[in-house]
Each structure stands twice: as C-alpha cells, then as structure tokens.
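K.L.:
Dropping a structure here in structure tokens format, bear with me for questions.
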Amino acid sequence: MTEGLTRRILHVDLEAGSLSIETPSESFYRRYMGGSAMGLYYILKDMKPGTDAFSPGNVLTLMVSLLTGAPISGQSRLCANARSPLTDGIGDAQAGGFFPAEMRFAGFDGLVVRGRAARPVYLWLHNGQAEMRPAEHLWGKTTSQVDDLIKAELKDDKVEIAQCGPAGEKLVRLAAIINMANRANGRTGLGAVMGSKNLKAVVVRGESKRLPWADPRRINEMARQGASEIETNADMLGLQKLGTAGVVAFQHTIGSLPTFNYAQGQFEAFEAISGERMSDTILKDNDTCYACSVRCKRVVETQFGDRPVARRHGGPEYETIATFGSYCGVGDLDAIALANQLCNEYGLDTIGTGATVAWAMECFAQGILSEQEIGFPAAFGDASAMIRLTEMLARREGFGDTLAEGSRRAAQRLGKGHELLITAKGAEAPAHMPQAKRSLGLIYAVNPFGADHQSSEHDPMIEDGAGELYMKRLARLGFDHTLPQNSLAADKVRYALKTQQFYSFLDTAALCQFVWGPAWTLYGPDETVAFVRAATGWEDFSLEELLEVGERRLNMLRLFNAREGLDRKADGLPKKFFRPLGGGGPTAGVSLVEAEIESAKDEYYRLAGWDTRTGNPTSDTLERLGLGWAV
Ligand code: SF4
C-alpha cells in the first residue's frame, strides 16, 4: 500500500445493526480520493432511484480524504452526502473543525450509512474499532448537552462528536450535522437525514495522531512556509483578524449584501453588523480547525436581552450575519449571535434558516402573511421576531412547522409567497448576489445541490484590479487576462466551470476553500498538487488530474439528479432575480436577464460535455471520466 492511505471505509447497516469494514484498492482511491466523490460512488451504486430522502433506503455518507489529518492548514474537512430532503436532488455539505482529522486518527476514511435503527443509536469509532451504542438518553437533547453527556459516558473529553441536533430529529428540512457544537455540515438538510435514520451522533477518537505520509518532511516544509506567509498575505491576515465577517463592508460597497430578502444589495446598518464591529465588541477569541494556522473562526460572548450567548457556540460567519442580519433588516449583532447559537444548539443551517425567516418577514411586509397566520407581527428589522421565528422553526412549533419545510415547500403548503422566493432547486440563496457577481447566477442555476457560493471562484477575482497573485494562479488554469465585470459571455462561463471543477476537487479532497484554491487563498493550484504528491506518494499527480477528479465529482452529482428526473428544467432561478433591485449602490435597478442566463447555460453544458437539451452528462463524458458503470 502506498504511504498516506489508510483505506478503511466503515459500512453501517442500522436496520441489521451490523458494521463492516471495507479496504478499497489504491486505484479506487486515486479515482475518487475521498469527500463527496467517494460518497457519491456508494450512493450511486447502492441507492435505488426514486428513494425518498427520509426513507431507510437513503444512503448517507460522511467522508474525509487521504489528505485529512496532515499537519498543515486547511485539511480537516468532513463531506456529507445523501438525497436531500430540501432539494429532492443530491445533498452535499462540508464542515471543518477537529472531527474530520480525528475520524482519520480513529482509523476511518469514511462512513456509509444505510437503513434506519429501530431505536436511537450513536456510533463510537476509536483506534480502528467501531461499535453501535444506544442513544435514547440523548434523544431530544441539544448539541452541547449531547457533547457533555457523551464525553462523560466515554470518560474522555477529547472525543469529537458529529450529531444531528433536535432539529434533525424533528426532520426539519434545514437541519445540519453539527460538530464541536459550532461547526456545521449546513446545507441541504442532511441533519434531517441523520435524524430520520435514528442516528443521533458519530463519535471519533484516535490516540495516535500518526498517519503514514509519503513525504512528511515536504508537508512540514509547506506547513511552515504557509504559516510564515500569512503575515504578508493581506487576504489571510484579514481572514484571521476579522473572520469571514470581514467581507460585510465589501459586499455592501459592491451592492452584494442581500437586504430585505434580496430586495436590494445595500444595507443601511451594515457597519453595525460588520466584522470590524464584532472585533471591537463581542469577539473574545479566535478558534481554528485541526492544524490550521489561519485561525479564522470567531468566538463571541454577549447577550441579547436577558439571553446569554456563550463561547462554546463560536460566532457568526459572514453568511450567518447576512441571513439573520441584512436579509431580515436586523442591524443587531447580539441578536445575530443569539440566532447563530440557536442554530448550533438545535442543529440548523444558518443560511437556509435565516433566509426562510427573511422570506416570512417579506411575506408579512407585503400583506401575504398576516399577524394571525404567523402568531405575531414579524416586521423587517424586528430582532425579537427574527429570534422567535428561528426557535419556532427549530422546534416545529406553530407557524414554525411550516417554515421547517424550507421556504419553497412553505410557499407550496400555504399556496402563496412564491414570487418572493430566493431558492434554486429549493435551496435558499446564500449572501452573494448574482446581480453583482454575474457568474454566480449561472452557478446558482446549474449547481447540482442548488444555490451555493462555495462551488466556484467569484467574479471579482478575475476582474480589472485583481491582484498579481490571483492572475498568476488563474493563468495556471488557462486565464491570462482579466474579464469584464457584469459579463456572462463565453470566457466568463469557462471561468465559472473551470473554477467550479477546481472547487469540486477541494470538496473531494476535503480541503478548506479558504486555504487551498485557484486564486486568493494561502496555497494555489501548484501547491495543492504538491500537497497531494507529498501525502500520497503519487509523484505523477498533475494539475490536469486534479481538475479531472473535480470534474468527475461534478458529473456524479449531476448524474444522481438525472436519475431523479432533475435535468435542465430544474436549473432555474427564482423570478425575483429577474426583477430590478431596489435600494441604492451599484446594483440598484439591476436584474438578471433571462436570455443571458439561458445562453450561458447552453455554453456551460457544451463546455461540460453535457447534453444542451437536457443538461445531463453525455455517455461520452461519463465514459471519459470512468463513470460508465454509474449510468
Ligand atoms: S481557514 Fe478557517 S475554516 Fe479553514 S481550516 Fe483554517 S480555521 Fe478552519
């Protein structure tokens, strides 16, 4: 076996109560590597088309990769996949923290979970062993309570725990899988899939932190060099100082800070919810993921009214600040920090939850939903109403039971509010506006798991004024000049697809997109290739192969959707995006143009090797990627 590979996948049959370990071949690892691609391999192979997301037949995979656990920044990521109860297509979500590295130290590269347990259980993976334990005493408990109970039960406070939270138990379609009580596999409702299987938690611990790296000296050199470069890299320093919240002001300036449920791109109170304000007021510390020198995670402590916000739930990211803040018209950082804590305690995706609450608020503002229907007035800017709706959604209480279905299904259930939706394939749009970043309009439409901001590089990285480092790195992907702002012409489409394939590799190799990437990150494309070689010993691994690995994952995700009947017709955008934005700033009066999006989709499918009529991968493309077996 090549150094760097542990090659152990745990198969869990919750129905039969059985556990078995598979040791796939090295060629399998080279083809699928880990993360979403490896998860999709088992999902495509084992799940029958037409299986409901909450049926025992749904296959849930939790994967790390053959790079996870290395002593270098940005390698501790967990990828979760299953059929999504939110989009009905493939679900996909990533999280950081210490859990992913610890899972590998525990001796496992991935879990494939099938069936439904008769009673709640948790999985305990330690030092190469795996067992299933009863979890009835944990059912109904919040994430921090479960963390405390399991650590006491196992008499080990160093175990890492990923769990579904009470929202997942209640099949809230916006439920996340939470680890460390503050890191989330947030998007597409995979916490609810875990809950539907009566799988309360996965607990991991490996006493030895040693993994068989092919070239440990090279990895250490790269780690040292990267850590020393943080000091001279403005993007990394900004991320360390202000976290992702540091982009609030920039997003406002370019008119890309979604406000009042995406009605406008600037928020008057943006300074009150900025990273700078957080840093000056409620920020108490930085946190990190395993071995990461960037340390971008926030730790806040404050209170909203008489409700305390504790450090153990971290602090709000940019997306959380925007969805509970500007989307809802709430300029109160304390309220946003409390909403963030509630999501981490109940196990909720902050993007989907905040955006769904904002949708309800706009319905209220427009008289589509009444005070009687909601239970109280829910005006934009009312921080207490925002908190109340979040808690009701988490518990499926009252009107919260409707919101717990996600905004698209809520509109269907109520028979109104459709025109205010900001969903693509049922996933609520994140806080980067395609009206300001044109290629995101295309990616939000064609991405297999719905609107997502971490599936491609954003437009400003290649626009006039893009830094020398960005352009040098993008040249390695075939882009030797800047591309105009507001363009969705062929060059921009190629940029969107090529960088999407790179990001798709990152979600296969389970790497953090703030550390490894095609443009602005600590390490660029060449260093990413060097890391794979040093970890695995695959000295002939190349940038071309890296992009092909990413392309393979993208095709697997797309193939899953094709089997479920989600094709080009499902690649739509909400009507709201085609209406001119209000407010001020550079995006006031701007909208997407339907004909431009459709023509960009034609070009995108053609470049991707997909049928332009159906949007599905062609058999030639699948054969080229070695995916003929999956058709
Ligand atoms: S950059 Fe931030 S999110 Fe990424 S690995 Fe480091 S600490 Fe975690």
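The values are calculated or read from the model by the stated rules, or taken from the named source; none is laboratory data. Model, not experiment: these values are computed from the prediction. Cβ placement follows ideal geometry from the backbone for every residue including glycine, while neighbour counts extend to all protein chains displayed. Just the protein is used for accessible areas: all its heavy atoms, side chains included, with ligands, DNA and RNA removed. Shrake-Rupley method; radii C 1.70, N 1.55, O 1.52, S 1.80 Å.
Yes/no matrix, rows are residues, columns are (1) more than 28 Å from residue 265 (Cβ to Cβ); (2) of a type in the set (Val, Ile, Thr); (3) open to solvent by 10 Å² or more (accessible area, probe 1.4 Å):
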residue	(1), (2), (3)
305	yes, no, yes
309	yes, yes, no
320	no, yes, no
327	no, no, no
330	no, yes, no
336	no, yes, no
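K.L.:
Within the range 240-252, restricting attention to residues that are without any contact (Cβ under 8 Å) to a residue 40 or more places away in the chain and farther than 19 Å from residue 434 by Cα, which residue is most open to solvent (accessible area, probe 1.4 Å)? Quick ask: steps written out before the conclusion?
P.N.:
Residues of the range 240-252 without any contact (Cβ under 8 Å) to a residue 40 or more places away in the chain: 241-242, 249-250.
Now restrict to residues that are farther than 19 Å from residue 434 by Cα: 241-242.
Working: 241: 138, 242: 24 Å².
It comes out as 241.
K.L.:
From the residues in the range 490-526 that are among the small types (Gly, Ala, Ser) and not in a helix (DSSP H, G or I), which one is surrounded by the fewest Cβ atoms within 10 Å (Cβ to Cβ)?
P.N.:
Narrowing the range 490-526 to residues among the small types (Gly, Ala, Ser): 490, 496, 504, 509-510, 517, 519, 524.
Checking the rest, the ones that are also not in a helix (DSSP H, G or I) come to 509-510, 517, 519, 524.
Working: 509: 28, 510: 30, 517: 24, 519: 24, 524: 20.
My answer is 524.
K.L.:
I'm trying to understand the selection: among the residues of the range 378-405, which are among the charged types (D, E, K, R) and under 17 Å from residue 355 (Cβ atoms)? Break it down stepwise before answering.
P.N.:
Step one: filter the range 378-405 for residues among the charged types (D, E, K, R), giving 382, 388, 391, 395-397, 401, 405.
Matches in the range 378-405: 382, 388, 391, 405.
K.L.:
Still on this structure: Scan the range 77-87 and give yes if some residue there is charged (D, E, K, R) and under 20 Å from residue 198 (Cα atoms), otherwise no. If you could, list the steps in order and put the result at the bottom.
P.N.:
Applying the first criterion (charged (D, E, K, R)) to the range 77-87 yields 77, 83.
The next check asks that each one be under 20 Å from residue 198 (Cα atoms); those that pass are 83.
Yes, there is a match, as at least one residue in the range 77-87 is charged (D, E, K, R) and under 20 Å from residue 198 (Cα atoms).
K.L.:
Scan the range 584-626 for residues that are among the hydrophobic types (A, V, I, L, M, F, W, C), farther than 14 Å from residue 572 by Cα and under 26 Å from the mean Cα position of the chain (by Cα) and jot them down.
P.N.:
So the first thing to find is which residues in the range 584-626 are among the hydrophobic types (A, V, I, L, M, F, W, C), and the list is 588, 590, 592-593, 595, 597, 600, 607-608, 610, 622, 625.
If we keep only those that are farther than 14 Å from residue 572 by Cα too, we end up with 588, 590, 607-608, 610, 622, 625.
Result: 607, 608, 610, 622, 625.
K.L.:
Scan the strands (runs of 3 or more DSSP E) fully inside the range 284-352 and keep the ones with 1 or more residues being more than 16 Å from the ligand (Cβ to nearest atom).
P.N.:
302-304, 307-309
K.L.:
Among what's in the range 456-472 and is touching a helix residue (DSSP H, G or I) at 6+ places or on another chain (Cβ under 6 Å) and open to solvent by 10 Å² or more (accessible area, probe 1.4 Å), pick the residue that is nearest to residue 593 (Cα to Cα).
P.N.:
Taking the candidates together, the pick is 461.
K.L.:
Can you list residue pairs whose Cβ atoms sit under 7 Å apart, with the first residue in the range 95-111 being within 14 Å of residue 181 (Cα to Cα) and open to solvent by 10 Å² or more (accessible area, probe 1.4 Å) and the second being at pLDDT 95 or above and not charged (D, E, K, R)? Count only pairs 6 or more apart in sequence or on different chains.
P.N.:
Filtered contacts from the range 95-111: 98/76; 98/180; 98/289; 98/290.
K.L.:
Another one. Considering the range 256-288 alone, what residues qualify as being among the hydroxyl-bearing types (Ser, Thr, Tyr) and at positive phi?
P.N.:
Taking the range 256-288 as the starting set, the residues that turn out to be among the hydroxyl-bearing types (Ser, Thr, Tyr) are 256, 259, 262, 274, 279, 281, 288.
Answer for the range 256-288, where residues must be among the hydroxyl-bearing types (Ser, Thr, Tyr) and at positive phi: just 262.
K.L.:
Scan 211, 154, 237 and give me the residue that is over 28 Å from residue 389 (Cβ atoms), open to solvent by 50 Å² or more (accessible area, probe 1.4 Å) and of a type outside the set (D, E, K, R).
P.N.:
Working: 211 fails: open to solvent by 50 Å² or more (accessible area, probe 1.4 Å); 154 fails: open to solvent by 50 Å² or more (accessible area, probe 1.4 Å).
Sole residue among the options that is over 28 Å from residue 389 (Cβ atoms), open to solvent by 50 Å² or more (accessible area, probe 1.4 Å) and of a type outside the set (D, E, K, R): 237.
K.L.:
If you scan the range 253-265, which residues turn out to be surrounded by fewer than 23 Cβ atoms within 10 Å (Cβ to Cβ) and touching a helix residue (DSSP H, G or I) at 6+ places or on another chain (Cβ under 8 Å)?
P.N.:
Within the range 253-265, 254, 260, 263 qualify.
K.L.:
Using beta carbons and a limit of 7 Å, which pairs, at least six apart or on different chains, have the first residue in the range 123-135 and touching a residue at least 40 places away in the same chain (Cβ under 8 Å) and the second one of a type in the set (D, E, K, R) and open to solvent by less than 20 Å² (accessible area, probe 1.4 Å)?
P.N.:
Cβ pairs passing all conditions: 135/200.
K.L.:
State yes or no: is residue 434 surrounded by fewer than 22 Cβ atoms within 10 Å (Cβ to Cβ) and more than 16 Å from the ligand (Cβ to nearest atom)?
P.N.:
So residue 434 fails the test.
K.L.:
So which of 181, 192 ends up being assigned to a loop (DSSP other than H, G, I, E, B), among the aliphatic types (A, V, I, L, M), more than 30 Å from residue 530 (Cβ to Cβ) and open to solvent by less than 10 Å² (accessible area, probe 1.4 Å)? Give the steps one after another, and end with the answer.
P.N.:
On the way: 192 fails: assigned to a loop (DSSP other than H, G, I, E, B).
181 is the lone residue from the list that is assigned to a loop (DSSP other than H, G, I, E, B), among the aliphatic types (A, V, I, L, M), more than 30 Å from residue 530 (Cβ to Cβ) and open to solvent by less than 10 Å² (accessible area, probe 1.4 Å).
K.L.:
Which of the residues that make up the range 1-30 are of a type in the set (D, E, K, R), modelled with pLDDT of 95 or more and exposed (fewer than 15 other Cβ atoms within 10 Å of the Cβ)?
P.N.:
15, 22
K.L.:
Would you mind telling me which numbered condition in (1) within 13 Å of the ligand (Cβ to nearest atom); (2) assigned to a loop (DSSP other than H, G, I, E, B); (3) not β-branched (Val, Ile, Thr) residue 100 fails?
P.N.:
Unmet for residue 100, out of (1) within 13 Å of the ligand (Cβ to nearest atom); (2) assigned to a loop (DSSP other than H, G, I, E, B); (3) not β-branched (Val, Ile, Thr): (2).
K.L.:
Here is a follow-up. Can you tell me which residue among 390, 356 is open to solvent by less than 10 Å² (accessible area, probe 1.4 Å), of a type in the set (Val, Ile, Thr) and under 19 Å from the mean Cα position of the chain (by Cα)?
P.N.:
Working: 390 fails: under 19 Å from the mean Cα position of the chain (by Cα).
Only one candidate passes the filter, namely 356.
Residues checked against (1) under 25 Å from the mean Cα position of the chain (by Cα); (2) away from the ligand (no atom under 16 Å from the Cβ):
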| position | (1), (2) |
| --- | --- |
| 78 | yes, no |
| 91 | yes, yes |
| 105 | yes, yes |
| 133 | no, yes |
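K.L.:
Determine whether residue 271 is assigned to a helix (DSSP H, G or I), in contact with a helix residue (DSSP H, G or I) (Cβ under 7 Å, 6 or more places away or on another chain), open to solvent by 10 Å² or more (accessible area, probe 1.4 Å) and within 23 Å of residue 429 (Cα to Cα). I'd like the intermediate steps shown before the answer.
P.N.:
Details: assigned to a helix (DSSP H, G or I): yes; in contact with a helix residue (DSSP H, G or I) (Cβ under 7 Å, 6 or more places away or on another chain): yes; open to solvent by 10 Å² or more (accessible area, probe 1.4 Å): yes; within 23 Å of residue 429 (Cα to Cα): yes.
Criteria met by residue 271.
K.L.:
Something else about it: Just checking, does the range 35-43 include any residue being in contact (Cβ under 8 Å) with a residue 12 or more places away in the chain and surrounded by fewer than 18 Cβ atoms within 10 Å (Cβ to Cβ)?
P.N.:
Taking the range 35-43 first, the residues in contact (Cβ under 8 Å) with a residue 12 or more places away in the chain are 35-43.
From what's left, surrounded by fewer than 18 Cβ atoms within 10 Å (Cβ to Cβ): none.
No; the residues of the range 35-43 include none that is in contact (Cβ under 8 Å) with a residue 12 or more places away in the chain and surrounded by fewer than 18 Cβ atoms within 10 Å (Cβ to Cβ).
K.L.:
When both residues are 6+ apart or on different chains and their Cβ atoms are under 6 Å apart, which pairs have a first residue that lies in the range 453-466 and is small (Gly, Ala, Ser), and a second that is surrounded by fewer than 22 Cβ atoms within 10 Å (Cβ to Cβ)?
P.N.:
466/482
K.L.:
Okay, moving on. Please verify whether residue 553 is assigned to a helix (DSSP H, G or I) and in contact with a strand residue (DSSP E or B) (Cβ under 6 Å, 6 or more places away or on another chain), treating the condition exactly as stated.
P.N.:
When the stated conditions are applied, residue 553 does not pass them.
K.L.:
Now, a different point. Can you name the condition, by its number, that residue 54 falls short on among (1) touching a Leu at 6+ places or on another chain (Cβ under 8 Å); (2) open to solvent by 10 Å² or more (accessible area, probe 1.4 Å); (3) of a type outside the set (Lys, Arg); (4) closer than 18 Å to residue 8 by Cβ?
P.N.:
The one condition residue 54 does not meet is (4).
K.L.:
Given the conditions (1) assigned to a helix (DSSP H, G or I); (2) crowded, with 18+ Cβ neighbours inside 10 Å, which single one is not true for residue 224?
P.N.:
(2)
K.L.:
Now for a different question. Return the pairs, sorted by first residue and then second, in which the second residue is among the aromatic types (Phe, Trp, Tyr), the first residue lies in the range 557-580 and is in contact (Cβ under 8 Å) with a residue 60 or more places away in the chain, the beta carbons are less than 7 Å apart, and the residues are 6+ apart or on different chains.
P.N.:
557/449; 573/444; 576/262
K.L.:
Only one of 224, 217, 119, 133 is of a type in the set (Lys, Arg), touching a helix residue (DSSP H, G or I) at 6+ places or on another chain (Cβ under 7 Å) and modelled with pLDDT of 95 or more; which?
P.N.:
Being of a type in the set (Lys, Arg), touching a helix residue (DSSP H, G or I) at 6+ places or on another chain (Cβ under 7 Å) and modelled with pLDDT of 95 or more holds for just one of 224, 217, 119, 133, which is 119.
K.L.:
Would you confirm, using the coordinates I've provided, whether residue 246 is more than 29 Å from residue 109 (Cα to Cα), touching a Gly at 6+ places or on another chain (Cβ under 8 Å) and assigned to a helix (DSSP H, G or I)? Steps first, please.
P.N.:
Working: more than 29 Å from residue 109 (Cα to Cα): yes; touching a Gly at 6+ places or on another chain (Cβ under 8 Å): yes; assigned to a helix (DSSP H, G or I): yes.
When the stated conditions are applied, residue 246 passes them.
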